[in-house]
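The values are calculated or read from the model by the stated rules, or taken from the named source; none is laboratory data. No experiment lies behind these values; they were computed from the predicted model shown. FYI the Cβ positions are ideal-geometry reconstructions off the backbone, even for glycines, and counts take in every protein chain you see. Accessible surface is based on the protein model in full, side chains and every heavy atom, while ligands, DNA and RNA are left aside. Shrake-Rupley method; radii C 1.70, N 1.55, O 1.52, S 1.80 Å.
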Amino acid sequence: MASKRITIRDHTAEANLFARRSVIALLIIFIALGVLISNLYYLQVTRFEDYQTRSNGNRIKVLPVAPNRGLIYDRNGELLADNKPVFRLEVVPEQSADLQKVVSELTTLLNIDDDDIESFQKDLKGQRRFKPVALINNMTQEQVALFSVNQFKYPGISVEARLKRYYPYGDTLTHALGYVAKINKRDLQKLAESGQDANYAATYDIGKQGVEKFHETLLHGEVGYQEVEVNSQGRIIRTLKFQPPVPGTDIILNIDVKMQQVAQQALGENSGSVVVIDPRDGGVLALYSNPSYDPNLFVHGISSKDYNRLLNDPNRPLINRATQGQYPPASTVKPMLALAGLNEGVITDTSRVYDPGSYQLKNGPRTWRDWLPWGHGWVNVTKAIEVSCDTFFYDLAYKLGIDRISEAMNKFGFGEYTGIDLYEESDANMPSRGWKRARYNKPWYIGDTIPVGIGQGYWTATPLQLTLSVTTMVDHGHSYVPQIIRGYKNDDDDAMYPPKENMPFLVKDDKYWDTVLDAMYGVVNRVGGTGYKAFAKTHYVSAGKTGTAQLIGIAEDEKYDAEKIAAHLRDNAMYIGFAPYQNPELALTIVVENAGHGGSQAAPVARAVMDYYFPKPEDETDNATQHSQSR
């Protein structure tokens, strides 16, 4: 058997192979190291700023800081809208493992009512999970203490102190001031469309009605921010930078809250409204609508029960009767119609009409009754206004025609928005041929014109429009846009807004104004005037016009009997007036719904307001009989 041959190893070849492999491995290592160094350079040098920003984004948070809302004062410095600290229980949904269980436990622990739970569940659906949602909007001291003891059990839930609006005068100023309430989806959409959403990043409430809504931009202020450093759990370690918010502007209103209270007390339980304007600058001294409601209900989130109660109340407290109430103006507009008749030349200050107690067109089948069944006999324009003779104004309306009536009344502001700084306003209706054609697709008949002569028919007006017409009358065709806001507070002194003048109503002869104003003086100060009893023995001289607005038609052979008519269909009592007669300082309109005659029901309310504004001097002198024709 042959022996196996032993192969001798080639050490040189093996050494060369090892050397080649070592070089290749070394090259791979150097290449890998080069790539690693290149990437390190790219990350640490080239992309340094980018990754530093990202790192800071995880470590540093920018938090918006809400501005304090501006305060609201009346013309005498009384605080009408304040900011009060309240405690809210806030939940960050993403930080709660079992949110429904936690909410259930807290409901039992803190006795949270169903309305708060319902509101929380609703807000939860439209909110991002990392943003806090209020579980309780207004915690009691007991709830705060109870939760503080148990807070360690509930991560992501905390008590936060915030400033909330507070209205110390409650329902006295609701329809003028309005209120703030929680920002909803519609508000957010409007803010986004107007580019203001960033300024509301930390704000929870926004103006919803009245002055609070109209002057929202002024009252809100500008958002601030703070840069804070947080740890890996998101807790704030320290504040790096703080940019304080700019608080909202404190504003001053023309409103006199004490006059507002007088108006509220004078109306009592009656539905109606009181509007008082200073004719010298258009400042709204009082604007009260009854019934009213407490605006504080809306600030913390009104309950479903309370809201449904207001919504379904047959007296409609949510409506601002002063600016949205549309009433037949009745006899309160007879002075304005008389001015139109004088200016158009269809009557003079000596023109007379015989009133037998009714009015009928020649060969016409219909008869329009005067409020006095046996009539007033022969009356001129002055007497017709003083005693409120319907027949005279039926005849005047017939002579003027609807075209000239509508044109003249538009100049007094009827059928137009007044421009008051409230969004809640109606333009009511000043009828015309075009309006009837557009509304009913029917022509205008002469029978439609006759009742317009006594402020009835298709004509409606708001109390604010009536008051504006009075200011136009007392200033001989000049008037100002009604303004609730008077000015604002700054560091040095209060700044006042200048009045805005309306387009003047120019007439052919200025004496026409004096004729009508003298008649309004007679309504209050001459025996037989429809407002004479209500203003007997005043220590100031005023003038005005009463009105009684019919809400339903009465057949020619029937007599009005309030006892047989449903309460909500009874006549409205109305009054317009101004004082003092020389150089007037206030003009007003009173509406008392379903109360009856203006002279007995509305005029006493007007007197209560005027008595407040013109306090009786210590050395009382009866100057009610003093009167001068010069104005």
### Task
Looking at (1) over 21 Å from Asp123 (Cβ atoms); (2) open to solvent by less than 30 Å² (accessible area, probe 1.4 Å); (3) at pLDDT 85 or above, find the lone condition where Val228 falls short.
(3)
### Message
Can you confirm whether Glu212 is at pLDDT 95 or above, open to solvent by less than 60 Å² (accessible area, probe 1.4 Å) and under 19 Å from Pro168 (Cβ atoms)?
### Response
yes
### Hits in the range 179-199 - residues which are under 18 Å from Pro245 (Cβ atoms) and either in contact with a Leu (Cβ under 9 Å, 6 or more places away or on another chain) or assigned to a helix (DSSP H, G or I) (or both)
Val180, Ile183, Leu191, Asp197, Ala198, Asn199
#### Entry: Residues that are among the β-branched types (Val, Ile, Thr) and either open to solvent by less than 10 Å² (accessible area, probe 1.4 Å) or out of contact with any strand residue (DSSP E or B) (no Cβ under 9 Å at 6 or more places or on another chain) (or both), drawn from the range 253-277
Ile255, Val257, Val274, Val275, Val276, Ile277
### Task
Filter the range 429-476 down to the residues that are among the charged types (D, E, K, R) and in a helix (DSSP H, G or I), then identify the one that is most open to solvent (accessible area, probe 1.4 Å).
Arg439
### Query
Is it true that Tyr167 is among the aromatic types (Phe, Trp, Tyr), within 34 Å of the chain's Cα centre (by Cα) and open to solvent by less than 70 Å² (accessible area, probe 1.4 Å)?
yes
### Message
Any residue in the range 181-198 that is under 14 Å from Thr217 (Cβ atoms) sitting within a Cβ distance under 9 Å of a residue that is aromatic (Phe, Trp, Tyr)? List the pairs, counting only those 6 or more apart or interchain.
### Response
Asp187/Tyr200; Leu191/Tyr200
## Note on the structure
Across (1) in contact (Cβ under 8 Å) with a residue 60 or more places away in the chain; (2) among the small types (Gly, Ala, Ser); (3) in a loop (DSSP other than H, G, I, E, B), Ala340 clears everything bar (3)
### Message
With more than 30 Å from Asp278 (Cα to Cα), among the polar types (S, T, N, Q), at pLDDT 95 or above and part of a helix (DSSP H, G or I) as the only criterion, which of Thr382, Thr391 stands out?
### Response
Thr391
### Task
Quick one: in the range 570-587, of everything that is at negative phi and open to solvent by 60 Å² or more (accessible area, probe 1.4 Å), which residue is modelled with the lowest pLDDT?
Arg570
### Summary
Of (1) open to solvent by 30 Å² or more (accessible area, probe 1.4 Å); (2) within 30 Å of Ala397 (Cα to Cα); (3) at pLDDT below 95, Gly364 fails just (1)
### Task
Kindly indicate the residue of the range 129-162 that is of a type in the set (Ser, Thr, Tyr) and either surrounded by 12 or more Cβ atoms within 10 Å (Cβ to Cβ) or closer than 18 Å to Ile117 by Cβ (or both) and also nearest to the chain's Cα centre (by Cα) among those meeting that condition.
Thr140
### Query
Just checking, how many residues over the range 349-376 are in contact with a Lys or Arg (Cβ under 9 Å, 6 or more places away or on another chain) and not in a loop (DSSP other than H, G, I, E, B)?
3
### Task
Would you check which residues across the range 123-178 are out of contact with any Leu (no Cβ under 8 Å at 6 or more places or on another chain), of a type in the set (A, V, I, L, M, F, W, C), under 23 Å from Ser96 (Cβ atoms) and touching a residue at least 60 places away in the same chain (Cβ under 8 Å) and list them?
Ala161
### Task
Can you tell me which residue within the range 280-306, out of those that are open to solvent by less than 10 Å² (accessible area, probe 1.4 Å) and in a loop (DSSP other than H, G, I, E, B), is nearest to Gly207 (Cα to Cα)?
Pro295
### Task
Consider Tyr398 carefully, then state whether it is assigned to a loop (DSSP other than H, G, I, E, B) and open to solvent by 10 Å² or more (accessible area, probe 1.4 Å).
no
### Task
Specify which of the listed residues (Ser351, Ser406) is more than 27 Å from the chain's Cα centre (by Cα), among the small types (Gly, Ala, Ser) and open to solvent by 20 Å² or more (accessible area, probe 1.4 Å).
Ser351
### Task
Of the conditions (1) closer than 18 Å to Val591 by Cα; (2) out of contact with any strand residue (DSSP E or B) (no Cβ under 7 Å at 6 or more places or on another chain), Ser351 clears all except one; give me its number.
(1)
### Query
When residues of the range 153-182 are filtered for being of a type in the set (Phe, Trp, Tyr) and over 18 Å from Ile251 (Cβ atoms), how many remain?
1
### Query
In this structure, does Arg88 turn out to be outside any helix (DSSP H, G or I), of a type in the set (D, E, K, R) and either open to solvent by 60 Å² or more (accessible area, probe 1.4 Å) or modelled with pLDDT of 95 or more (or both)?
no
### Query
In the range 489-543, how many are aliphatic (A, V, I, L, M), more than 16 Å from Gly477 (Cα to Cα), open to solvent by less than 60 Å² (accessible area, probe 1.4 Å) and not in a helix (DSSP H, G or I)?
5
### Message
Contact list please: Cβ distance under 8 Å, first residue in the range 367-396 and closer than 22 Å to Gly577 by Cα, second residue of a type in the set (Phe, Trp, Tyr) and open to solvent by 10 Å² or more (accessible area, probe 1.4 Å), pairs at least six apart or on different chains.
### Response
Ser388/Trp371; Asp390/Tyr359; Asp390/Trp368; Asp390/Trp371
#### Entry: Test: Gly221 is at positive phi and either among the hydrophobic types (A, V, I, L, M, F, W, C) or surrounded by 21 or more Cβ atoms within 10 Å (Cβ to Cβ) (or both)
no
### Selected residue (criterion: farthest from Asp205 (Cα to Cα)) from residues of the range 123-164 that are basic (Lys, Arg) and modelled with pLDDT under 75
Arg129
### Query
If a residue has to be open to solvent by less than 50 Å² (accessible area, probe 1.4 Å) and either under 30 Å from Asn583 (Cβ atoms) or among the β-branched types (Val, Ile, Thr) (or both) to count, how many in the range 416-427 make the cut?
6
### Message
Kindly evaluate Gly413 against the criterion of being open to solvent by less than 30 Å² (accessible area, probe 1.4 Å) and modelled with pLDDT of 95 or more.
### Response
yes
### Query
Considering Glu416, Glu424, Glu407, which residue is closer than 26 Å to Tyr512 by Cβ, of a type in the set (D, E, K, R) and part of a loop (DSSP other than H, G, I, E, B)?
Glu416
